[in-house]
Structure formats: C-alpha cells, structure tokens
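Data first, discussion second: the structure below is written as structure tokens.
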C-alpha cells in the first residue's frame, strides 16, 4: 500500500512552543534577598527582645513618681538623710538584677535622696539622679557612687542601667542609648546636669566603649585635673554578656565591661534662663 507522505505530515503533532524565560536581573535578586534577610533578622530581634523592652517601659512609668520631690544639694544630704531615715548606699556597680526584682524595686516607695537631673537630648537621655548607687536607686533612676559630689565641680560619675532596649521602637530608657554611641555620633554633644536651680552644660569629649569594670573603678580614683567633668556610665551588652545571660537562664545579668561617656564643663546658667523644652527635661 502506498504511503501518502502529505497525510503523514498533517497527522504529526506539532512541536511544543518554546517558552521564553525571563532572566531575573542580578541586582533585583540581590535586593530582594537583602530585604528578606532584614525582615527575618528584624523579626527575630523583636521576638527575642520584646519582653525586655516591655519591662523597660514598665520601669520607666514606675520611676516617674519617685522624682516628684525636692532636689537636695550636697551640703544638705546628711541632714535630709536623717530626716527621711535614708542611709545612702554607694556599693552598686550598675549591673542589672532579675526582671522580677527590678520591677519590685521600681514599685517600692522606699525613700531616696534626689540630687537633680541629667539630660542628653541628642540621644533622648533624661533621668533623675539620686544619692548613692543601690539597687533601688538604679531601679528608679540614675545614681552617684560617692558622697559629697557637687555638680560643676571635680568629677561627677553618674551610673544607670543599660536596659537592653537601645534598638526598641518605643525609645531607649535610662542609659541604654550609650550602647549605640560612637565617637562620631557622641563627641561634641551637650550633656546637661541640673540641681534644680543651676544648669551645668558639659561637652562630650571622650567615649570609652567596653572598659573592664576594674579599670573603670581605678580611673575614678585618679585626681581630676583641668575642667570639671561628668561621666555617664552603663553596662556594655556585648555577645559575651548575652551568652552568659542565656546560659544562666536569664538570671545572671552581671556585666564585666562598661561604657563611659565623659564630658567637660563648658557653661553654667540659671535653670530659669534656658529653653522651656530643656527645662522640662531637667526637672
């Protein structure tokens, strides 16, 4: 039987059409990968630290009531301490205690001696400063670790907790903002101290990031030369610190390093003479 070649050709199934695949642009691929990575990391950070941020906000609210009292100058600390039945404790070193204890102390109505306020507007730092550095003082604000310290004279070391909320969308509390400081962003910025009557303006001149506790303590014993200074001091929360915290099941918050921001006195003026917004931060 003869084969009709034309019929055979018509019955052949046509070859499937080639689908053209668009090549993804390498820059676009890199961008999408970067965005996804950022979202994953951000989500992990928020999930891991949100309870800590929440604790910091609770402590901030509880601390507000303690600063509603008259400021006591250095020469009147002893007499006011006797009146209130307060024994200033200068032994604290700034290390965080457990969350439960921290909240309990922040709620406590234990009497303390208010010495003034500290503010660094460029980093949204604003804290009441108390006599001493006890756990209770550091739960409700910032503290000074030696008696007879006078604003605008000698060296005034001020300690406060690093609450671990330096990347919080709610804003850093206490001295947590020191964690994100660099020499480029911090040096030259003003630091203000107020004793209720006078505002002492210091200019940030030195940032020691990760100073061992022993070295820091020794530096505070060195006699001051030159201009009067203020030192804002908080714990450094580095990888070593967090490894220890996690290993202890979140019970050991002892930090072995400190962040120390030093400022030199450049001006002093009456509290009533400064900008209204800054006044509110200093009382």
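Quick look at the numbers
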| quantity | calculated |
| --- | --- |
| Contacts under 9 angstrom Cβ, first residue in segment 201-218 being on the phi < 0 side of the Ramachandran plot and exposed (fewer than 15 other Cβ atoms within 10 Å of the Cβ), partner part of a helix (DSSP H, G or I) and at pLDDT 95 or above, 6 or more apart | 206/183 |
| Residue check, residue 218 modelled with pLDDT under 95 and farther than 19 Å from residue 156 by Cα | no |
| Check on residue 131, touching a helix residue (DSSP H, G or I) at 6+ places or on another chain (Cβ under 6 Å) and either free of Cβ contacts under 8 Å to residues at least 12 places away in the same chain or closer than 21 Å to residue 105 by Cβ (or both) | yes |
| Filter pass, residue 177 being modelled with pLDDT of 95 or more and either within 14 Å of the chain's Cα centre (by Cα) or surrounded by 23 or more Cβ atoms within 10 Å (Cβ to Cβ) (or both) | yes |
| Set 116, 141: member being touching a strand residue (DSSP E or B) at 6+ places or on another chain (Cβ under 8 Å) and farther than 22 Å from residue 237 by Cα | 116 |
| Candidate set: segment 87-102, residues that are modelled with pLDDT under 90 and surrounded by 14 or more Cβ atoms within 10 Å (Cβ to Cβ); chosen: the one farthest from residue 217 (Cα to Cα) | 99 |
| Output for segment 148-166, where each listed residue is surrounded by fewer than 23 Cβ atoms within 10 Å (Cβ to Cβ) and touching a helix residue (DSSP H, G or I) at 6+ places or on another chain (Cβ under 7 Å) | 148, 149, 150, 166 |
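The values are calculated or read from the model by the stated rules, or taken from the named source; none is laboratory data. Quick caveat: nothing in here was measured; it's all calculated off a predicted structure. Every residue, glycine as well, gets a Cβ built from its backbone with ideal geometry; the counts of neighbours run over all protein chains shown.
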